[in-house]
Amino acid sequence: MRILIVEDDAEAASFLTKGLKEAGHVADRAPDGLEGYAMARDGAYDVLIVDRMLPKMDGLTMIGALREQGLQTPVLILSALGQVDDRVKGLRAGGDDYLAKPYAFSELLARAEVLARRNHKGANGEATTLRVGSLELDRLAHTLTRDGKEIVLQPREYRLLEYLMQHAGQVVTRTMLLENVWDYHFDPQTNVIDVHISRLRAKIDKDFDTPMLHTVRGAGYMIRDSAR
């Protein structure tokens, strides 16, 4: 998932970002409602996690403005205000779920994943199953099979393969992977991509006759149905 966190508390935002990235997701952060509004409109996010009390534009106003613009990205509202009336106001403002502070990160992650799955089930035109040849990725169940054989992926491997399959038959550069899978906006001069590509290749190609994950020398990587 690609998630936008709109949170003015730097420590809380850092905690959320770290946890989401460890779970294999990409997380961006906006420190106030105005920046969050702009990023949500311009970015392709699966879920928005929005604090209710924000500077410049409060969370409920921000969500309402996005809904008026026709943006239907699921929103999980975070707030220290946890009474029934507070939750009702949040949902009526356009939120899809409401989580009172303090919260357990595991619950927040589960709620965000549920919202993303619901959105993929909706009429937004986004495929819930990705297929390249005999390789099939179920984005709702988070399962992968090739020739009917289930392959277990770690969260980052899953995100990497998902991105490659979304661009099947196209060269995906290191910069594209860094920005969309690792959320780095620069090359950290590490072999993180090479290591994960190697692990992924061992899982999806090693026990099969034809390779699907290819290195395009000097350009990047490509996944394609080599049987064609």
Task: Failed item, numbered, when THR129 is tested on (1) loosely packed, with under 15 Cβ neighbours inside 10 Å; (2) out of contact with any strand residue (DSSP E or B) (no Cβ under 9 Å at 6 or more places or on another chain) - done: (2)
Open item on the list: Can you confirm whether LEU78 is touching a residue at least 60 places away in the same chain (Cβ under 8 Å) and crowded, with 17+ Cβ neighbours inside 10 Å?
Closed with: yes
Open item on the list: Within segment 87-106, take every residue that is over 19 Å from the mean Cα position of the chain (by Cα) and touching a residue at least 24 places away in the same chain (Cβ under 8 Å) and give me the one that is surrounded by the fewest Cβ atoms within 10 Å (Cβ to Cβ).
Closed with: TYR103
TODO: Report, ordered by the first and then the second residue, all pairs with beta carbons closer than 9 Å, sequence separation of six or more or different chains, a first member in segment 156-169 that is without any contact (Cβ under 8 Å) to a residue 60 or more places away in the chain, and a second member that is among the hydroxyl-bearing types (Ser, Thr, Tyr).
DONE: LEU164/TYR221
- [ ] Spot the failing condition for SER226; the list is (1) touching a Pro at 6+ places or on another chain (Cβ under 8 Å); (2) modelled with pLDDT of 90 or more, and only one is missed.
- [x] (2)
Task: Residue check for VAL152: more than 30 Å from THR17 (Cβ to Cβ) and modelled with pLDDT of 90 or more - done: no
Task: Among (1) surrounded by fewer than 18 Cβ atoms within 10 Å (Cβ to Cβ); (2) under 28 Å from GLU179 (Cβ atoms); (3) free of Cβ contacts under 8 Å to residues at least 24 places away in the same chain - the single one GLY19 does not satisfy - done: (3)
- [ ] For residues that are charged (D, E, K, R) and modelled with pLDDT under 90, tally how many sit in segment 51-76.
- [x] 2
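The values are calculated or read from the model by the stated rules, or taken from the named source; none is laboratory data. Just so we're clear, the structure is a prediction, and the values are computed from it rather than from any experiment. Here Cβ is always computed from backbone atoms with ideal geometry, including for glycine, and neighbour counts include all displayed protein chains.
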